[in-house]
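The values are calculated or read from the model by the stated rules, or taken from the named source; none is laboratory data. Keep in mind the model is a prediction, meaning the values are calculated, not measured. Cβ coordinates were reconstructed from backbone atoms using ideal geometry, including for glycine residues, and neighbour counts include every protein chain displayed.
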Amino acid sequence: MDKLKTRILQDGKCYEGGILKVDSFINHQMDPNLMMEVAKEFSQHFGDAHINKIVTIEASGIAPAILVGYIMQLPVVFIKKKEPKTMENMLTSVVHSFTKDRSYTVCISADYLTLNDHVLFIDDFLANGNASMGVIDLCKQAGAHLEGMGFIIEKAFQKGGELLRQHGIRYKALATVESLENCEIKLR
């Protein structure tokens, strides 16, 4: 994913506290060609897994997840950050957002996450692994099988990757940020 790494170095912005802003091409304004390349990479990497559903969490994971679903010809379900009044058979978990420094109750209908599901989770960032732990919790509640997780960017200086490895989760990060010290982006 040289194109992704180039864009991170060229257009990414660093902020104090380990925040990497990539909103000009990933999670506010999107580069559809880059998103398609990201989706192709995830589809190839997880092509050997027994997957029947793509899951993501609002909102930045939706675009790459839909493209992965399109390529793999699978349905895409997104976990909501607000409990809708119309959702039936709701499963919930609490996740903490590193960037926004607040906790959310996230939810998904048990109608769309079931015992028969073999799930691939797609998201924009892996930082401390809080969203990932919420997804693991929701899959356990539903009895679904988590087959893998794909992240556009992993921050290796935070604990998310280590946490997933400790849980035996197969995951793929397309770009890994080693450091944001002194607001200088260093990629692996």
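State which residue is surrounded by the most Cβ atoms within 10 Å (Cβ to Cβ) when the search covers only region 53-75 and only residues that are in contact with a Leu (Cβ under 9 Å, 6 or more places away or on another chain) and under 19 Å from D137 (Cα atoms).
The extreme case among them is I54.
Return yes or no: is V95 surrounded by 13 or more Cβ atoms within 10 Å (Cβ to Cβ), modelled with pLDDT of 95 or more and not polar (S, T, N, Q)?
no
Which condition number in (1) over 29 Å from E181 (Cα atoms); (2) of a type in the set (S, T, Y); (3) modelled with pLDDT under 95 is the one that T56 fails?
The single condition T56 does not satisfy is (3).
Determine which single condition I169 fails, assuming it passes every other condition in (1) among the β-branched types (V, I, T); (2) outside any loop (DSSP other than H, G, I, E, B); (3) under 24 Å from I66 (Cβ atoms).
Status for I169: all satisfied but (2).
Tell me whether region 127-148 contains one or more residues that are in contact with a His (Cβ under 6 Å, 6 or more places away or on another chain) and of a type in the set (K, R).
No: region 127-148 contains no residue that is in contact with a His (Cβ under 6 Å, 6 or more places away or on another chain) and of a type in the set (K, R).
What pairs can you find where one residue is in region 74-90 and closer than 22 Å to A63 by Cα, the other is surrounded by fewer than 11 Cβ atoms within 10 Å (Cβ to Cβ) and among the small types (G, A, S), and their Cβ atoms are less than 8 Å apart, with a gap of 6+ or different chains?
The qualifying pairs do not exist here.
When only residues in region 98-120 that are farther than 22 Å from M30 by Cβ and touching a residue at least 60 places away in the same chain (Cβ under 8 Å) count, which is surrounded by the fewest Cβ atoms within 10 Å (Cβ to Cβ)?
My answer is N116.
For region 57-96, enumerate the residues that are within 22 Å of I153 (Cβ to Cβ), part of a strand (DSSP E or B) and basic (K, R).
Of everything in region 57-96, nothing turns out to be within 22 Å of I153 (Cβ to Cβ), part of a strand (DSSP E or B) and basic (K, R).
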